[in-house]
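The values are calculated or read from the model by the stated rules, or taken from the named source; none is laboratory data. The shown structure was predicted, so the numbers you read here are calculated from the model rather than taken from an experiment. Note that each Cβ is placed from the backbone with ideal geometry, even for glycine, and that neighbours are counted across all protein chains shown. Accessible surface is based on the protein model in full, side chains and every heavy atom, while ligands, DNA and RNA are left aside. Shrake-Rupley method; radii C 1.70, N 1.55, O 1.52, S 1.80 Å.
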Amino acid sequence: MSMLRNLEAKLGGLVEGAFGRAFKTNVQPVELANKLAKEMEDNQMVSVSRVYVPNHYRVFLSPDDRAQFSSYEPALRKELSDYLLEHARQEGFALTSRPQVELHTDERLELGEFGIQAQLLSPPEEEEPGARAEVAPSVGDFGHTMVYSPDREARRLEPAVDRRQAFLVGDDRRNLLTGNRTVIGRSRDCDVVIPDPNVSRRHAEVRRGDDGWWVVDLDSTNGVKVNGRRVDEASLRPGDRIRIGVTDLTFELE
């Protein structure tokens, strides 16, 4: 049995008859798996001896398509993650962690359409001193979402332009966020330096994407909290408090 048929069989067993009736016009899980694998292959990062692929995937669905998965969304995400893990193994790709798959709703999408963002959240360290990695154009691009439709060619979902400036405010400093990524940590090479032994050298990143601003934990030792809750990643809104070590940074837009 092929990997895709095996995936369909597993998911079909979650709800009796579901895949014989519910997915004739809506987004089908097997099609999600197929396009997730395509995005994995299209977003490669070539290092000295390995080909790394994204380990984090956001799937954007129309409200009606998202609703159809509501009763077994965790199981769907796990099976899609398992499928990507096995696909990477079969193709000889390297992963920095197990693939994660998130589902999100996007009002701009029509029934049967879905968008995918593929990101490499923790880029690998160089394998030899002075070596330079060859990076595929879309690796780590949080403003890049491919939309797949049943009746037209794949296209990019253009981001809504937000021209407001973003800041991280704390310790009597106001840090303007420039570009799409701002690294926070103890190392002097970081964009926002926090001289605290509880902070990892590269602790977290604040990233700008087509769906707003996000903070992402870079596998730090002591983690990241947003408004008192520990997160691996979280979307940011004005006034949100980000705790790094014992330092609180407030996210602001203006």
Seminar exercise, completed: Counting only protein heavy atoms and leaving out ligands, DNA and RNA, the solvent-accessible surface of D189 at a 1.4 Å probe, in Å² to the nearest 10, equals 140
Problem set entry | Approximate spin-label separation V51-R163, in nm, with each point projected 7 Å along Cα-to-Cβ | 4.3
Problem set entry | Gain in span if fully extended, R230 to E91, counting 0.36 nm per residue against the direct Cα distance | 46.6 nm
Problem set entry | Along each principal axis, Cα extent of the stretch 156-240, largest first, Å | 40, 24, 24
Seminar exercise, completed: Going residue by residue through the stretch 99-106, the Karplus relation 6.51 cos²θ - 1.76 cosθ + 1.60 with θ = phi - 60° gives ³J(HN,Hα) values, rounded to whole Hz and with x marking Gly or Pro, of x, 10, 10, 10, 10, 9, 9, 10
Seminar exercise, completed: The long-range amide H neighbours of W213, using H built 1.01 Å from N in the peptide plane and a cut-off of under 5 Å, are L236
Exercise. Mind listing the phi-derived Karplus ³J(HN,Hα) values for the stretch 86-92, rounded to whole Hz, using 6.51, -1.76 and 1.60 with θ = phi - 60°, and x for any glycine or proline?
Worked result: 5, 4, 4, 5, 5, 8, x
